[in-house]
Amino acid sequence: MNIKNELLLRLYVVLIGFLVASAIIVYKVVQINVIEGEKWREKGNGLYRKYMPIEAERGSILAEDYRPLAVSQPFFEIRMDLTTSSKKDFEKNVDSLAFCINKYLRLNQSASSFAELLKKKRIENNKYFLIKKKVSYEELEQVKKFPLFRLGKYRGGLIVEEHTTRHQPYKQLANRSIGLSRIGHPVGLEGAFDKELAGKTGKRLMQKIDGNTWIPVRDLTEIAPERGYDIVTTLDVDLQDIVHHALMNSIQKHEAEFGTAILMEVETGAIRAISNIGKDSKGYFGEVYNYAVGWSSEPGSTFKTAAVLAMFEDGAADMDTWVNLQKGTANFYGQTMRDSRQHGIEGSNLRKAFEISSNIGIASLVDRHYNNKRNAQQFIHRLKQFGLCDITNIEIPGEPKPYIKNAFDYAQFWSQTSLAWMSHGYELQITPLQMLCFYNTIGNDGRRMRPYLVSEIRSGEEVIRRINPRVEIDQIARPASIEKMQILLKSVVEQGTGSHLKSDLITMSAKTGTAKEDYFKKDTKAKYLSSIAG
């Protein structure tokens, strides 16, 4: 083979190699762009473009007169796409824009240096330059009028991102019952009505520009969020203010660890005020826990009302029934029981024993009639009849079930002394709200109402759902028994342990109560739970 043919052969080999490589490249281009184009475009968009949620404005929680108790306050983040404006528009307006931003948004640099920063970021093709966070609505309206920005979002490059923060205008008033809207675990009414308050999340197409920075893509596929519904509570702001400050003053006066107060409308069950005050981790008083709904304890003498009502129902005693008070100290099956003070009274009728809140007087009558298996079961049956073994079903989650033993259930540590101690509020546990419901029922002539905190769910002026008062038990006891109980409760305030509450302006019916922690221990530093219900 001569040199000429050898060169031609080599040329053909190289040419064929180029053709094959070109064919492969063309095939790959066609495969990627046409055959598998949709697949790779979707993958690329998934990496650099995706839909992200737009937070919906949370609905408000309102008082019964529509004053706001919890509202979402909007604030805005101002950014700028420095690539959208024409060179002419940008150069003409950049200095005056920087001047306005510096003057009205109060940045920590001069107008001239900020103008230079904007020019630098434009050269760098910055599409998402942060100007200021937490801008108010009033400030935003001013920003929209700034030079360059007033040319519109495409020519001006203004990017506005809206966020919200939850605000309670009345601060600590009913704070724990209104609750917190924290992400993942809202509490109180915020949690109970989270679905209604939350609204519907929207979505917006976002584009990744660098690192983990995503900016909104301006297109027409954005789905706007829908604001949540408002809920109207039964709370009266003025009454709530009175209850809160009265409770705070009382706690501080008596140097108590915590306290709760609830105001319930007798005929409807509507909660008009609910206050819970305790110490936070720093030792300051505030609404730290919902004691009214979530805290269960031995109530003490306020439970005597249930014991006496049971005896009225069973004909076991009447107001004039005589009982030995043993001067304030008695023995029950080897255990010593004491009245709150050594009053020296040998004996009295039931009415007097109830007025002075004699533990021995009430316990003796209950023990005399009920301390056998059949009658003990009847006593527990009466407590169930009164609704004292049931939760109240208030809207706020976290309410524990009352703890009341079954008669002669030794697994629950039933003993010979159980009835005597249960009769004045020991060996059982109940929440303040559950006790209040019982007293509210007596005030309502025996009709037990379900307590409730929310009366309406609204969308603007439209009522989506109205929540009406609900009867739980039509009659917990015979009218005659209820009437006797009302007389006894009134006499407690007129001439008994609640006489310091007596007023010339109004009449009151109530029962005081004191429960000692670790009742059987002789401890001079014992803790006490004081309460009153009426």
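Quick notes
- Restricting the stretch 267-286 to residues that are in contact with a Ser or Thr (Cβ under 9 Å, 6 or more places away or on another chain) and open to solvent by 10 Å² or more (accessible area, probe 1.4 Å), the residue that is nearest to Gln475 (Cα to Cα) is Thr268.
- From the list Lys401, Lys405, Lys373, the one residue that fits, being touching a strand residue (DSSP E or B) at 6+ places or on another chain (Cβ under 8 Å) and among the basic types (Lys, Arg), is Lys405.
- Within the stretch 132-171, being in contact with a helix residue (DSSP H, G or I) (Cβ under 7 Å, 6 or more places away or on another chain) and closer than 30 Å to Ser455 by Cβ holds for Gln168, Tyr170.
- Within the stretch 51-75, considering residues that are at pLDDT 90 or above and in a strand (DSSP E or B), the one farthest from Ile274 (Cα to Cα): Val71
- Top-ranked residue of the stretch 136-149 - restricted to ones that are open to solvent by 60 Å² or more (accessible area, probe 1.4 Å) and in contact with a strand residue (DSSP E or B) (Cβ under 9 Å, 6 or more places away or on another chain), ranked as nearest to Pro74 (Cα to Cα): Tyr137
- Arg447 being touching a residue at least 24 places away in the same chain (Cβ under 8 Å), basic (Lys, Arg) and over 21 Å from Pro299 (Cβ atoms): yes
- Cβ-Cβ contacts under 7 Å between residues 6 or more apart (or on different chains), taken from a first residue in the stretch 351-362 that is part of a helix (DSSP H, G or I) to a second residue that is open to solvent by less than 10 Å² (accessible area, probe 1.4 Å) and among the basic types (Lys, Arg), are listed as Phe354/Lys304; Ile362/Lys304.
- Candidates are the residues of the stretch 470-496 that are assigned to a loop (DSSP other than H, G, I, E, B) and open to solvent by 50 Å² or more (accessible area, probe 1.4 Å); the one that is nearest to Ile362 (Cα to Cα) is Arg478.
- For the stretch 178-194, a tally of residues being open to solvent by 10 Å² or more (accessible area, probe 1.4 Å) and at pLDDT 90 or above returns 4.
- Of residues in the stretch 76-108 being closer than 21 Å to Tyr137 by Cβ and assigned to a loop (DSSP other than H, G, I, E, B), the one most open to solvent (accessible area, probe 1.4 Å): Arg106
- Just one of the listed residues (Thr321, Thr268, Thr302) is touching a Pro at 6+ places or on another chain (Cβ under 9 Å), farther than 14 Å from Ala174 by Cα and β-branched (Val, Ile, Thr), namely Thr268.
- The stretch 318-333, subset of a type outside the set (A, V, I, L, M, F, W, C) and touching a residue at least 24 places away in the same chain (Cβ under 8 Å), residue farthest from Glu355 (Cα to Cα): Tyr333
- Test: residue in the stretch 296-306 that is aromatic (Phe, Trp, Tyr), under 20 Å from Pro397 (Cα atoms) and at pLDDT 95 or above: no
- Residues located in the stretch 427-446, provided they are among the aromatic types (Phe, Trp, Tyr) and in contact with a strand residue (DSSP E or B) (Cβ under 7 Å, 6 or more places away or on another chain): Tyr439
- Tabulated pairs, the stretch 268-284, first closer than 30 Å to Arg470 by Cα, second open to solvent by 50 Å² or more (accessible area, probe 1.4 Å) and aliphatic (A, V, I, L, M), C-beta under 6 angstrom, 6+ apart or interchain: Arg272/Leu239; Arg272/Leu263; Ala273/Leu239; Ala273/Leu263
- Flag for Ala111 being open to solvent by less than 70 Å² (accessible area, probe 1.4 Å) and touching a Phe, Trp or Tyr at 6+ places or on another chain (Cβ under 6 Å): yes
- Residue match in the stretch 382-402 (condition: over 31 Å from the mean Cα position of the chain (by Cα), touching a residue at least 12 places away in the same chain (Cβ under 8 Å) and within 24 Å of Tyr519 (Cα to Cα)): no
- Of the residues in the stretch 254-263, at least one is under 23 Å from Ala510 (Cα atoms) and in a helix (DSSP H, G or I).
- Residues (within 20 Å of Arg338 (Cα to Cα) and open to solvent by 50 Å² or more (accessible area, probe 1.4 Å)) located in the stretch 498-531: Thr514, Glu517, Asp518, Phe520, Lys521, Lys522, Asp523, Thr524, Lys525, Lys527, Tyr528, Ser530
- Scanning the stretch 272-300 for residues that are among the polar types (S, T, N, Q) and touching a strand residue (DSSP E or B) at 6+ places or on another chain (Cβ under 9 Å) gives Ser275, Asn276, Asn290, Ser296, Ser297.
- Only one entry of Ile396, Ile345 meets the criterion of being open to solvent by 40 Å² or more (accessible area, probe 1.4 Å) and modelled with pLDDT under 95, and that entry is Ile345.
- Residue under evaluation Ile467, criteria (1) more than 21 Å from the chain's Cα centre (by Cα); (2) surrounded by 15 or more Cβ atoms within 10 Å (Cβ to Cβ); (3) free of Cβ contacts under 8 Å to residues at least 60 places away in the same chain, criterion not met: (1)
- Taken as a whole, the condition of being open to solvent by less than 70 Å² (accessible area, probe 1.4 Å) and within 30 Å of Glu57 (Cα to Cα) applies to Ile457.
- Checking the stretch 105-128 against the condition returns a match, with at least one residue being touching a residue at least 12 places away in the same chain (Cβ under 8 Å) and under 37 Å from the mean Cα position of the chain (by Cα).
The values are calculated or read from the model by the stated rules, or taken from the named source; none is laboratory data. What you are looking at is a predicted structure, and each value in this text was computed from that prediction instead of being measured. When we count neighbours, we look across all protein chains shown, and the Cβ atoms used for this are built from the backbone with ideal geometry, even at glycine. These area figures cover heavy atoms from the full protein model, side chains too; ligands, DNA and RNA do not enter into them. Shrake-Rupley method; radii C 1.70, N 1.55, O 1.52, S 1.80 Å.
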